[in-house]
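Pasting in a structure now, in structure tokens, and then I'll have a few things to ask.
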Amino acid sequence: MSDVLKIFFESVINTKTKLFLFGDRMQQIYKNYDGTFEEDFKLFDTTKALTTNFRSIKRIVDILNKIYNDPAFVQSNSEEMRNTEADFDPRIIISDGIQAEIAKIRKTDPDTLVLYLFNKERFSDIDAIHLYEAFNNMEKYSFGNAFSAVDVLTTRYEDNPDALLKLLFCLVDLSMLYKTQQYGRIIRILKGNKSIFSKNSWNIQTHNDKEKVFISIKRVFDILRSEDKTIADLISYLADAHLLNEAYLSSIIDDEDYKISNSVPIIELTHIADYLNNPRVSTQHGVKGESHDSVVFVAEDSSSNPRVAMYRFFEMWGQMQVSANLLNQFYYDFAAKVGSVQRDIGMKASDLKKDTYTANEKTIKKKICTIYEGFKDNPYFQFIYGRDYDGYFSKPGVTKAKDCLKESTVYGILSAYKLFYVGCSRARRNLTILLDSSKIKGNFELQKKRFEEIGFQVVSSPMHRA
């Protein structure tokens with residue numbers, strides 16, 4: 001991202017062209033920005049800003065301002081939202097039964113949006129976990145490819161790049177039209193997608209032709225809503241009824257990737273389609289511009305991408321003030337120092353072994369001492385890395401050196417901070433944060449005090465055993 005920003009910046013510098021940059025640091029979750037544009041940012045006029053929040057009520061905007069904790073970035077409410085009330089105070093619920101707690105909340109508010117960290121939990125909540133796992137294990141949707149499993153599982157048929165899902169989502173749409181007796185539209189869609197559907201499905205000349213077509217199509221719709229039919233069952237029927245274009249059918253049957261989806265219950269596809277029409281779950285890093293009347297944020301940790309240390313962040317937050325600007329800057333500065341060490345030794349710190357550490361020990365020790373001297377008075381550094389550096393200085397070694405140079409440790413806390421802010425910002429009126437009691441770290445009384453200071457009511461669920 002820094003390279004892209006520099007291209008725009010350098011193209012207008014010393015010209016009459018104006019460059020406007022719009023964004024929010026809290027929305028930048030993945031590691032696609034290294035902070036090297038920060039000095040150039042200081043040259044921009046920041047007196048113009050969009051500070052009116054049109055999404056959330058005042059109680060939630062106040063919380064967001066206190067989480068961000070930066071006087072240069074304070075949001076105000078729109079008049080409409082100033083006059084809008086919540087059903088309950090923003091709340092932190094401590095529970096040892098998260099899923100039971102979500103079910104309880106949904107009984108009173110079925111449209112509540114639940115924000116999970118992982119897509120696995122998201123699709124499990126939708127009742128489509130087998131379909132998600134099948135597509136997530138396909139080679140074509142593995143990391144680094146143009147599309148992910150989530151991309152194709154949440155894209156409607158018109159724009160879906162996956163041949164099988166394009167067909168299945170189209171059939172679900174047709175079933176909804178059938179339910180509302182919009183038969184003419186069904187025929188027009190079938191005819192408009194000649195690359196997918198055979199002439200037998202749309203070429204109606206007589207009343208008898210129409211009856212035959214709709215008998216076949218109704219059977220398709222029955223299979224779609226069946227609890228005991230699979231994707232393979234549906235494809236088999238479509239082939240036997242000659243409803244698909246032969247070339248399109250062959251592209252699906254001949255695709256080795258699709259074989260792992262054959263045994264998936266077809267009803268899971270219907271569950272996803274229903275969800276797309278009325279989203280009630282999402283991931284914390286995938287909500288983008290969504291907002292909902294009621295939001296439940298499920299606090300979770302992750303050691304994968306994105307790395308998230310939510311409960312460690314809450315522990316740190318209970319002990320000190322945290323601001324978006326200062327924590328971001330500490331991460332950029334620390335990561336730059338680690339990068340310098342890695343360039344000097346010619347390898348990633350995470351790849352160090354006993355022999356390569358020994359060969360570079362003098363350089364590594366010197367660099368670690370320099371890093372410590374540069375950050376020893378920084379409260380973030382002391383909380384996040386203090387024990388690691390103390391341990392290394394008392395007994396140097398490869399494992400402890402790697403801990404000292406692990407920039408992902410601070411990144412996990414920073415990404416947790418951002419996700420927490422973004423998750424809270426999605427709520428229009430009602431906000432609930434669910435904390436798993438078994439995962440809480442450190443002195444929770446300090447964390448509880450911080451939550452209450454910024455505007456949350458902290459309660460232990462009856463499901464939580466004290």
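The values are calculated or read from the model by the stated rules, or taken from the named source; none is laboratory data. Predicted, not measured: the structure shown is a model, and the values here were computed from it. Here Cβ is always computed from backbone atoms with ideal geometry, including for glycine, and neighbour counts include all displayed protein chains.
Looking for whichever is in the same structural domain as GLY455 (by TED's automatic domain parsing), out of contact with any helix residue (DSSP H, G or I) (no Cβ under 7 Å at 6 or more places or on another chain) and of a type in the set (Phe, Trp, Tyr) here; the options are PHE88, PHE54. Which one fits?
Working: PHE54 fails: out of contact with any helix residue (DSSP H, G or I) (no Cβ under 7 Å at 6 or more places or on another chain).
None of the others qualify; the one that does is PHE88.
At least 3 residues that are in contact (Cβ under 8 Å) with a residue 12 or more places away in the chain and of a type outside the set (Phe, Trp, Tyr) in each: list the helices (runs of 4 or more DSSP H) lying fully within region 169-273 that qualify. If you could, list the steps in order and put the result at the bottom.
Details: elements: 183-192, 199-202, 207-224, 231-240, 246-253.
Answer list for region 169-273: 183-192, 207-224, 231-240, 246-253.
Follow-up. Might you check whether a residue that is touching a Cys at 6+ places or on another chain (Cβ under 6 Å), in the same structural domain as LYS406 (by TED's automatic domain parsing) and at pLDDT 95 or above occurs anywhere in region 339-362?
Checked region 339-362: no residue is touching a Cys at 6+ places or on another chain (Cβ under 6 Å), in the same structural domain as LYS406 (by TED's automatic domain parsing) and at pLDDT 95 or above.
Kindly indicate whether any position in region 442-454 is at pLDDT below 95, closer than 30 Å to ALA100 by Cβ and of a type outside the set (A, V, I, L, M).
We begin by selecting, within region 442-454, every residue at pLDDT below 95; these are none.
No, every residue in region 442-454 fails to be at pLDDT below 95, closer than 30 Å to ALA100 by Cβ and of a type outside the set (A, V, I, L, M).
Just give me the residues in region 57-83 being touching a residue at least 60 places away in the same chain (Cβ under 8 Å) and in contact with a strand residue (DSSP E or B) (Cβ under 6 Å, 6 or more places away or on another chain), in sequence order.
ILE57, ILE60
From the list ASP377, ASP351, ASP388, exactly one residue is among the acidic types (Asp, Glu) and farther than 21 Å from SER303 by Cα. Which is it?
Values: ASP351 fails: farther than 21 Å from SER303 by Cα; ASP388 fails: farther than 21 Å from SER303 by Cα.
Step by step, each of ASP377, ASP351, ASP388 is checked, and only ASP377 is among the acidic types (Asp, Glu) and farther than 21 Å from SER303 by Cα.
May I ask you to list the residues in region 163-205 that are surrounded by fewer than 14 Cβ atoms within 10 Å (Cβ to Cβ) and under 25 Å from MET138 (Cβ atoms)?
SER195
Filter region 249-267 for residues that are over 32 Å from the mean Cα position of the chain (by Cα) and buried (at least 18 other Cβ atoms within 10 Å of the Cβ) and give the result.
Across region 249-267, the qualifying residue is only LEU249.
Follow-up. Just one of the numbered conditions (1) more than 35 Å from the chain's Cα centre (by Cα); (2) at positive phi is not true of SER201; which one?
(2)
Go through the residues of region 123-141 one by one and say whether even a single one is under 22 Å from the mean Cα position of the chain (by Cα) and at positive phi. Before you say what the answer is, go through the steps one by one.
Initial filter on region 123-141 (under 22 Å from the mean Cα position of the chain (by Cα)): 123-141.
Now narrow it down to the ones that are at positive phi: 127.
Among the residues of region 123-141, at least one is under 22 Å from the mean Cα position of the chain (by Cα) and at positive phi, which makes the answer yes.
Listed here are the residues, each with its yes/no results for (1) in contact with a Lys or Arg (Cβ under 7 Å, 6 or more places away or on another chain); (2) assigned to a loop (DSSP other than H, G, I, E, B); (3) under 16 Å from ASN430 (Cβ atoms); (4) in contact (Cβ under 8 Å) with a residue 60 or more places away in the chain.
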site	(1), (2), (3), (4)
GLU85	no, yes, yes, yes
PHE88	no, yes, yes, yes
ILE92	no, no, yes, yes
ALA100	no, no, no, yes
ILE105	no, no, yes, yes
VAL114	yes, no, yes, yes
LYS120	no, no, no, no
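Right, here's the next one. State the number of residues belonging to region 338-369 that are of a type in the set (A, V, I, L, M), free of Cβ contacts under 8 Å to residues at least 12 places away in the same chain and either outside any helix (DSSP H, G or I) or closer than 18 Å to PHE393 by Cβ (or both).
Step one: filter region 338-369 for residues of a type in the set (A, V, I, L, M), giving 338, 341, 345, 347, 349, 352, 359, 364, 368.
Checking which are free of Cβ contacts under 8 Å to residues at least 12 places away in the same chain leaves us with 347, 359.
Still in the running and either outside any helix (DSSP H, G or I) or closer than 18 Å to PHE393 by Cβ (or both): 347.
Number of matching residues: 1.
Looking only at region 154-162, decide whether some residue is surrounded by 15 or more Cβ atoms within 10 Å (Cβ to Cβ), assigned by TED's automatic domain parsing to the domain that holds SER56, of a type outside the set (Lys, Arg) and within 19 Å of the chain's Cα centre (by Cα).
no
The rows are residues; the columns are (1) more than 23 Å from the chain's Cα centre (by Cα); (2) modelled with pLDDT of 90 or more; (3) within 30 Å of LYS337 (Cβ to Cβ).
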position	(1), (2), (3)
SER2	no, no, yes
PHE9	yes, no, yes
ASN32	no, no, yes
ASP40	yes, no, yes
ARG55	no, yes, no
ASP96	yes, yes, no
